[in-house]
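The values are calculated or read from the model by the stated rules, or taken from the named source; none is laboratory data. Values in this document were obtained by computation on a predicted structure and should not be read as measured data. Here the Cβ is made from the backbone with ideal geometry for all residues, glycine too, and neighbour counts use every protein chain on show.
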Amino acid sequence: MYRASTSRTDAGFTLLEMMVSLAILSLVLSAVPAFYVRLLPNYALRQFANDVANESRRALQDARKTGVVSQLIVGADQRELSVANHKLQIPDGVLVELVAAAAFGSLSEQQVSFFSTGASSGGVLILSNESLSVSVKFDWISGAIEVVQ
């Protein structure tokens, strides 16, 4: 005849233990979407900074190949950047400030020029939202373009 075991080591999880562990797990998982919602604007800002840097590198490379000066132009009133005639829309909530080494054009438009020698006019493009600031730096001697967070 078979006897039921009364030893605690033979038993599995009790229903109460399973319910407590599921309750803790659901509390932890309910906090995850709120965390990701806060990260989305920062991700968009970083992605936009990388897009600007990549388009600027391409413009510098085109200037070297063709011998024609390329420019990154910040038009604050249109909410867009123009890099060698390619337009990039500035995402909503992103503030843009260009500190250029040499100011050309009108006050509402600033620019960084990329020369056929591989150099640039230099400057820093500062992109920021309410919680993060990212800079795209343009070295005026080497023409190096760097994203700094």
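Brief remarks follow.
- Residue ID - modelled with the highest pLDDT, chosen from residues in region 97-121 that are hydroxyl-bearing (Ser, Thr, Tyr) and surrounded by fewer than 21 Cβ atoms within 10 Å (Cβ to Cβ): Thr117
- Qualifying residue in region 71-83 (condition: modelled with pLDDT of 80 or more and on the phi > 0 side of the Ramachandran plot): no
- Those residues of region 51-83 which are hydroxyl-bearing (Ser, Thr, Tyr), farther than 13 Å from Phe138 by Cα and under 22 Å from the mean Cα position of the chain (by Cα), in sequence order: Ser82
- Leading residue by the ranking (nearest to Val134 (Cα to Cα)) among those in region 19-44 that are of a type in the set (Gly, Ala, Ser) and modelled with pLDDT under 80: Ala34
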